[in-house]
1. Tell me which residues, restricted to region 100-121, are over 21 Å from residue 164 (Cβ atoms) and touching a Ser or Thr at 6+ places or on another chain (Cβ under 7 Å).
2. Could you list, in sequence order, all residues of region 360-396 that are at pLDDT below 85 and either surrounded by 13 or more Cβ atoms within 10 Å (Cβ to Cβ) or assigned by TED's automatic domain parsing to the domain that holds residue 315 (or both)?
3. Quick one: would you say residue 293 is at pLDDT below 90, under 22 Å from residue 227 (Cβ atoms) and surrounded by fewer than 17 Cβ atoms within 10 Å (Cβ to Cβ)?
4. Among the residues of region 187-213, what is the count of those that are within 20 Å of residue 162 (Cα to Cα) and touching a residue at least 40 places away in the same chain (Cβ under 8 Å)?
5. Report yes if residue 327 is modelled with pLDDT of 85 or more and closer than 27 Å to residue 226 by Cβ, otherwise no.
6. Can you work out which of the residues in region 211-224 that are at pLDDT 95 or above and in contact with a Ser or Thr (Cβ under 7 Å, 6 or more places away or on another chain) is surrounded by the fewest Cβ atoms within 10 Å (Cβ to Cβ)?
7. Based on this model, can you work out whether residue 395 counts as out of contact with any helix residue (DSSP H, G or I) (no Cβ under 7 Å at 6 or more places or on another chain) and of a type outside the set (A, V, I, L, M, F, W, C)?
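The values are calculated or read from the model by the stated rules, or taken from the named source; none is laboratory data. Remember, predicted model here, so these are calculated numbers, not experimental data. All Cβ positions, even for glycine, are placed from backbone atoms using ideal geometry, and neighbour counts span all protein chains on display.
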Amino acid sequence: MKKILLFSAFLGCFALGHAQTKNVVVETAGTLSTLIPAEEVSTLTTLTVSGSINKTDLDTLNGMPALTTLDLSQANIVAETVGEVTYAANTVPEATFASNKNLISVVFPKSLQQIETEAFSDCSNISTLDFSTCPELTIIGYRAFGGIDNLKRLSFNGCSKLTTLGDYAFSNDFIIESIDFTGCSALSSIGLNAFNNVREALTTLDLSTCTALTEIGKSSFKSLKKMTSLILPENIKVIGMGAFYACHSLETITIPASVDSIAPHSFGQPKALKTVICKGINTKAAEMAFSNNTYVSSPSTKPAEENYSDKGYTLIVPKGCADTYRTGIEWAKFPTIEEAESGAIDATEILSDVHVYANGNAIVVEGAVAGTQVSVIGLSGYTAQNAVADGSTLSLTIEQKGLFLVKVGTSVFKVIL
């Protein structure tokens, strides 16, 4: 009798363990609940769903108390009308999984286009969000993934149709270690406080491939306190108020030539700041743009005579532009304003061991390792010069005038003749 009881218990445990993982094909949207036996609803931890699903099915998934891993990559969200409310196709509706503390991993549908307001907000145990499998994704809404305490990795790699990251979309996701924006060529809007308070681990922010992005919104990247490297897109025009406020670890900030204005407190509280490099001939920076004053919701009224001498900030600008910058209300506070070498307007020329600059009708390359390929390319795409460095100073005569790209190995410099 004892052996029978033990065997029965073993079968029960086996059945329970077997029920923890399941693949379900939904042929008719809205029927997912009928495809999962009642005894498995509370025990399933890993579930793969394919076929057509709708808001009703998403609610079924949210109601499964043990579910930690959800794969919807082969699912297709279809429209559904409930009463007077219609839920759009290819969309995760508002607050669908909000405050779900069980989910750890979610693989999104390949056909997904939009994630609405607070759809996954406060899902505190999700550790990775990978949208690289969502080529149709266009919009991530207000606080859609805000307050995810354990989120470490975030990838938008290849999201070429992504246009909008809403206000507070990833705010207070404290321990994000990496954000990959590679290929986000349509991203044109990063909302208010979108990544505010990603403060504990993120060291590098590279927005260089976000070629449609012309404005960094108010407080979008506020309090990224561990960030040491920031790469802005070359087409950016406006850096909003408090956009990078309290990014305490930035030592060097490079402002692209495309920037028209830098708002108050954009780079406020820059505790480690040593150098600002402006690639434009007359970039406008509002008073308090680099201030050490506390920023709450509006600019401080500290007097204009405040300066940054005690911090020893250095401003580097293109050749011939120092006097123009010295008339700027914010730039005038920098104790040191230096001009880059003649013709050099790219930060790389200033900070690397390779120096590229104009000298009369020639482009001079210093510091290139012997054997390095050097090419001079006009903006229309023609090759003006090709050479191979021999370890000494290289002087390349150019007949035309204008702006040239100089490729030295894998590095690219910009020079004006």
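1. 101, 102, 103, 104, 105, 107 - these are the residues of region 100-121 that are over 21 Å from residue 164 (Cβ atoms) and touching a Ser or Thr at 6+ places or on another chain (Cβ under 7 Å).
2. 377, 378
3. yes
4. Selection size over region 187-213: 2.
5. no
6. Top of the filtered list is 212.
7. yes
Yes/no matrix, rows are residues, columns are (1) surrounded by fewer than 24 Cβ atoms within 10 Å (Cβ to Cβ); (2) touching a residue at least 24 places away in the same chain (Cβ under 8 Å); (3) hydrophobic (A, V, I, L, M, F, W, C):
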site: 148; (1), (2), (3): no, yes, yes
site: 152; (1), (2), (3): yes, yes, no
site: 164; (1), (2), (3): yes, yes, no
site: 168; (1), (2), (3): no, yes, no
site: 172; (1), (2), (3): yes, yes, no
site: 175; (1), (2), (3): yes, yes, yes
site: 178; (1), (2), (3): yes, yes, no
site: 184; (1), (2), (3): no, yes, yes
